[in-house]
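What follows is a short report on a single structure.
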């Protein structure tokens, strides 16, 4: 085993993913509470006790729950958050009974960092609401994955940096027609669709195709998995997603839809060489 990823839950009701390494496990976001995570890890071969570090994309309540503070404090689990949000994290956790033990575990970053020895997280600033969010390229032992959720638009830098990763996990939050017909107030629709909220299905598909095209230009293999994150329960549906992304056979063969309530299987972004003829076919896809 090098790296394995399971999305424990992804959506407005809470987000948490677990990255398993030979050195221990890392939570990416902690928007599901400890009891929920423990239940979803049953029969997975991993437990909360295996978690050695937490990496946050941002501090929205569906990505970080203060219910974790006492658990992290009791187990000495470091929590990595962008330096611009360090004080916000501290304020949100201050009322917890174990805050004094939790406070030294807050680990701000402003560049690449290693939550565990040799496991590198290289952050990518993403446009999301006023404070922004962060995606990551995660690397260990020659294997890498790209992870990006809660982004209103796709920065050019994300396509460049995700090209050549062995797994791509990216938000595909809403179908535009369903969003417009949802009856949500105009200010909320504008927040979601205005370029600093969430990524639509069409935008997500365009991003994945751009990553594949860049892989072709660089003569790199395609990622083994494409994982779609943060699906809206009101303004999206799995059938729409599968139909849209399956218009590209290369994506259809690699596609996993994250679910708000059911964890994915372990996804192993194993490094591989291009299949015979794959790079040729990519250039003309």
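Read-outs: derived from the displayed coordinates by stated rules, not from any lab. All figures in this text were calculated on a predicted structure; none of them were measured in a lab. FYI the Cβ positions are ideal-geometry reconstructions off the backbone, even for glycines, and counts take in every protein chain you see.
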### Query
How do 112-121, 224-233 rank on mean C-beta neighbours within 10 Å, highest first?
224-233, 112-121
### Message
I'd like the Kirkwood hydrodynamic radius of the chain, using the inverse of the mean 1/r over distinct C-alpha pairs, in Å.
### Response
19.1
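From the convex hull of the Cα coordinates of the range 56-190, what is the mean projected area in square nanometres? Kindly include the intermediate steps, with their values, before the conclusion.
On the way: hull surface 40.0 nm².
Directional mean of the projected Cα hull area for the range 56-190 stands at 10.0 nm².
Classify the range 174-231 from the C-alpha gyration tensor, please: rounded if a/c falls under 1.5, else prolate or oblate depending on whether a/b exceeds b/c. If you can, show how the numbers build up before the last one.
Working: a/c = 3.66, a/b = 2.85, b/c = 1.28.
Note, shape of the range 174-231 comes out prolate.
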## Note on the structure
the range 222-272 and the range 81-125 have their Cα centres apart by a whole-number Å value of 29
### Query
Using the eigenvalues of the Cα gyration tensor, what equivalent ellipsoid semi-axes result for the range 108-187 when each is taken as the square root of five times the eigenvalue, whole Å, largest first?
29, 15, 10
### Query
How big is the antiparallel share of DSSP beta bridges in the range 1-126, given as a percent to the nearest 5?
50
### Rounded tilt (10° steps) of 201-217 against the dominant C-alpha axis of the chain
70
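Rounded, prolate or oblate: which fits the range 105-153, taking a ≥ b ≥ c as square roots of the Cα gyration tensor eigenvalues, rounded meaning a/c under 1.5, else prolate when a/b beats b/c? Display every interim value, and only then the final one.
Numbers: a/c = 3.25, a/b = 1.52, b/c = 2.14.
Oblate, since a/c reaches 1.5 and b/c is not below a/b.
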### Query
What is the range 40-84 by shape, rounded, prolate or oblate, if you read a ≥ b ≥ c off the alpha carbon gyration tensor as root eigenvalues and call it rounded for a/c under 1.5, prolate for a/b larger than b/c, and oblate otherwise?
prolate
### Message
Can you order the peptides 97-107, 16-26 by their average number of other Cβ atoms within 10 Å per residue, highest first?
### Response
16-26, 97-107
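So if I average 1/r over every pair of distinct C-alpha atoms in the range 45-118 and take the inverse, what Kirkwood radius in Å does that give?
Values: mean 1/r = 0.0791 Å⁻¹.
Here the Kirkwood hydrodynamic radius works out to 12.7 Å.
For the ranges 167-175, 146-154, 40-48, what's the packing order if you count other beta-carbon atoms within 10 Å of each residue, average per peptide, and put the highest first?
On the way: 167-175: 27.1, 146-154: 25.4, 40-48: 14.2.
Ranked from most to least packed, the peptides come out as 167-175, 146-154, 40-48.
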